[in-house]
Structure formats: structure tokens, C-alpha cells
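Everything on this sheet refers to the single structure shown next.
The values are calculated or read from the model by the stated rules, or taken from the named source; none is laboratory data. Treat the numbers as computed from the prediction; the structure is a model and nothing was measured. Note that each Cβ is placed from the backbone with ideal geometry, even for glycine, and that neighbours are counted across all protein chains shown. The accessibility values were calculated without ligands, DNA or RNA, using every heavy atom of the protein model including side chains. Shrake-Rupley method; radii C 1.70, N 1.55, O 1.52, S 1.80 Å.
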Amino acid sequence: PTTADALQPVTAGGKDAFVAVLDPAVLDLEYATLFGGTGDDHISHARVGAHGVVTLVGYTSSFADFPLKNAFQDRHGGGATDSFVAQLRPDGSEDQLLYSTYLGGNGADSRDAALYSNDVAVAPDGRLAVFIESLSSDLRLADPLQGQPRAGFDGYLVILDPRLGPGVQLQYAT
């Protein structure tokens, strides 16, 4: 179930991700929404930060209609899946989706979530450290420690700064 103030109250098709906020005092559902497009959308990790802002990292095969906002990568990278990062304010407001962006290139940009994972950490100043595993050879780099992919899946670490708007800005990527 979703709540009346959900960002996405019904499925867009495929497997949509699900975000819920519970009141721990009474175990009551305060907010619930679906998140995704017509493909399959999976959340690997979610973090709650300042003022209740929820940061999501996951992967998607929704390439035509994934909910993007203020994205630094606003197009599918070309592989079987792209990872994504999104932040939302689960308060039912008109602008509850703060931003959402693809992170991906010409290869698969995720592994089976049961075995491996995308992850995100939110710094006190609002910057995000995002880790994904990728087979892509054309990911955007910024001052990289490793400038070329090696054999198989490589780790891809990016620092994103939503404070530098509009949208989220790439500060570091290797």
C-alpha cells in the first residue's frame, strides 16, 4: 500500500522500488511510495539523513521513463542496467523528489543484489559517496585513482554534491 501523499501511488510497470517511513513509537505507516518506471527498479540501500531526507541507491532497467530530476546523467548509459541515486523528502509536498540521476555506462552497472550491492553514505555536509559495481568502460571520471576498467566488474566510486545545484554535481569519480 502507498499513502495518499505518495510520490508515485501506483506501479509504473515491471518491479517498482518501494519506500516506507514508519513511526517507531506506534509502528504506524507515515509515508509509503513506489519509485520507478516501466522496467524493473531495485533499491540496494537507503539512508535517512538530516530533516528526514531519504537517499536511495539502486539499479534500474527503466530507461524511457525512470523518474529523473535535476540529474547530472539524464540518459541511460547503454548497458543492461544503470545504477541510480535519488533523494526524496517523504512529506507529501509537491517537490518531494529532490533529485534523481542515473549512474551508468555502456555495460551492466549492477550485479545481483543478493550477492553484491550498490551503497551510499551521506556526509554531514550533504555530499554523497556512492559505490556501484560496473562492467562499463565509459563511466564519467573526475581525478581518478584508476582511470581504466580492469577485467570483469570494477568498483566505481563517486562523490556527488547536491549543494552545488541546480541538481547534483559530480565532484570525484574513479
If we ask which residues in the stretch 32-57 are part of a strand (DSSP E or B), open to solvent by less than 10 Å² (accessible area, probe 1.4 Å) and in contact with an Asp or Glu (Cβ under 7 Å, 6 or more places away or on another chain), their number turns out to be 3
Any idea which of Ala50, Ala20, Ala25 is small (Gly, Ala, Ser), at negative phi and touching a residue at least 24 places away in the same chain (Cβ under 8 Å)?
-> Ala50
Can you tell which of Arg111, Arg47, Arg140, Arg89 is in contact with a strand residue (DSSP E or B) (Cβ under 9 Å, 6 or more places away or on another chain), modelled with pLDDT of 90 or more, more than 18 Å from Ala6 (Cα to Cα) and of a type in the set (Lys, Arg)?
-> Arg47
Quick check, is Ser83 touching a Ser or Thr at 6+ places or on another chain (Cβ under 8 Å), under 11 Å from Tyr59 (Cα atoms) and not in a strand (DSSP E or B)?
-> no
Does Leu145 count as outside any strand (DSSP E or B), more than 22 Å from Gly13 (Cβ to Cβ) and open to solvent by less than 70 Å² (accessible area, probe 1.4 Å)?
-> no
Selection count, the stretch 94-108, where residues are open to solvent by less than 10 Å² (accessible area, probe 1.4 Å) and of a type in the set (D, E, K, R) | 0
Given (1) of a type in the set (A, V, I, L, M, F, W, C); (2) at pLDDT 90 or above; (3) open to solvent by less than 30 Å² (accessible area, probe 1.4 Å), where does Val122 come up short, assuming only one miss?
-> (3)
Yes/no for Asp74 being touching a residue at least 40 places away in the same chain (Cβ under 8 Å) and either farther than 28 Å from Asp138 by Cβ or of a type outside the set (S, T, N, Q) (or both) = no
Residue in the stretch 87-101 that is closer than 22 Å to Asp125 by Cα and of a type in the set (Phe, Trp, Tyr) present = yes
Would you mind stating whether Tyr102 is under 25 Å from Gly152 (Cα atoms) and out of contact with any Gly (no Cβ under 7 Å at 6 or more places or on another chain)?
-> no
